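What follows draws every value from the coordinates through simple rules; no lab data is involved. If you're wondering where the values come from, they're calculated on a predicted model, not measured in any experiment. Cβ coordinates were reconstructed from backbone atoms using ideal geometry, including for glycine residues, and neighbour counts include every protein chain displayed.
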Amino acid sequence: MEYSNDYLKITGGINASSHLKSKANDLAYTIGSLLAFADVKVVKTYSVGSNSSNTNSVWFTTLTSENTPKGFKQVTFRCAHMNYADFKKLGIKIGKIFKRGEVCYMPGTGGTKYSHIHIEFGFGKIKGSGWYKLSNGNWTISTTQGSCHIWEAIYMRKGVEIAKLGDYRDDYAWQYKKELQSQLTDLTKVNVTYKKGLNLRKSIQGNVIRTLSCGNTEIFDSIHFLLPIAKDGFQWAYGVKNGINHYFQLDLKCINLI
Ligand SMILES: [Zn+2]
């Protein structure tokens with residue numbers, strides 16, 4: 001998944017005192033509302049209310065495994081400091097789904113002095129209460145596969161203007177989609193669960209051998225991606241099973257690779 005906004009301003013990076021030992025960042029108000037990086041679901045809210053101390057925190061998780069710089073992963077992230085009025089405006093509640101590119105969170109002053117979004121990512125699902133207190137008193141996200149850096153969870157998009165100020169460091173190891181494509185090769189022993197019908201063909205233009213129906217899982221000995229990804233987001237690939245190639249068009253937003 002990719003960063004969705006056109007502008008990124010990190011005013012408190014991973015070295016900010018309130019972030020030490022966690023992997024959190026503060027995104028400044030000038031980025032405007034945060035656009036969802038992928039289709040995400042609200043899985044927890046905390047400290048919801050209109051008092052100045054309420055942080056109106058929200059935990060989001062992706063609906064499917066997402067292509068991240070660390071491979072196909074479910075990604076969970078926590079945002080804090082939205083104002084209650086915006087929380088209400090976005091209709092946030094457990095189970096609400098935001099589609100990729102939709103406004104999913106807004107900067108605010110809930111529980112903080114200056115308007116920003118505190119954000120931290122983890123791989124896997126939310127674990128336990130979704131966070132825990134570190135020895136230095138800071139809080140960090142709790143997920144089944146552990147916390148991760150923002151540059152490990154999302155790809156940066158070309159053309160995004162990145163403002164560097166405050167605690168932001170140049171050593172954020174952003175990766176771009178070109179690298180995403182080149183790593184899509186030679187997966188082995190992979191389960192594919194498709195969200196829509198998936199036609200398996202003898203060749204790219206060949207007859208349909210059979211159709212993998214929605215929600216079913218197919219186990220291939222290996223999957224090979226044929227570059228590049230088409231403009232419509234589909235990509236041809238073939239899965240090898242019992243020595244036979246099965247060609248299919250993948251919509252990378254609609255598959256789970258496990
Ligand atoms: Zn913060």
- Label point 7 Å out from residue 85 along Cα-to-Cβ: which residues of the stretch 36-64 have amide N under 17 Å? 49-56
- Note on the structure: For 8-21, 86-99, ranked highest to lowest by mean beta-carbon neighbours within 10 Å, the order is 8-21, 86-99
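Please give me the summed charge of the neighbours of residue 119: other residues whose Cβ is under 9 Å from its Cβ, Lys and Arg +1, Asp and Glu -1. Please report the intermediate quantities before stating the final value.
Details: positive: 78; negative: 26, 120.
That works out to -1.
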- The answer for residue 102, listing residues at least 5 apart or on another chain whose modeled amide H is closer than 5 Å to its amide H, is 36
- Given pairs 99/127; 41/70; 44/125; 9/88 and cut-off 18 Å on Cα-Cα distance, the over-length ones are 99/127; 41/70; 9/88
- Taking only C-alpha positions in the stretch 1-136, Rg and Dmax in angstrom work out to 13.9, 40
- Query: Non-local amide H neighbours of residue 139 (under 5 Å, H modeled in plane, Pro and chain starts lacking H): which ones?
  - Reply: 134
- Message: Order 77-84, 61-68, 125-132 from most to least packed using the mean count of other Cβ atoms within 10 Å.
- Response: 77-84, 61-68, 125-132
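Note down the net charge around residue 58, summing +1 for each Lys or Arg and -1 for each Asp or Glu among other residues with Cβ under 9 Å from its Cβ. Walk me through the numbers before you get to the answer.
Details: positive: 44, 78; negative: none.
Combined, the nearby Lys, Arg, Asp and Glu give +2.
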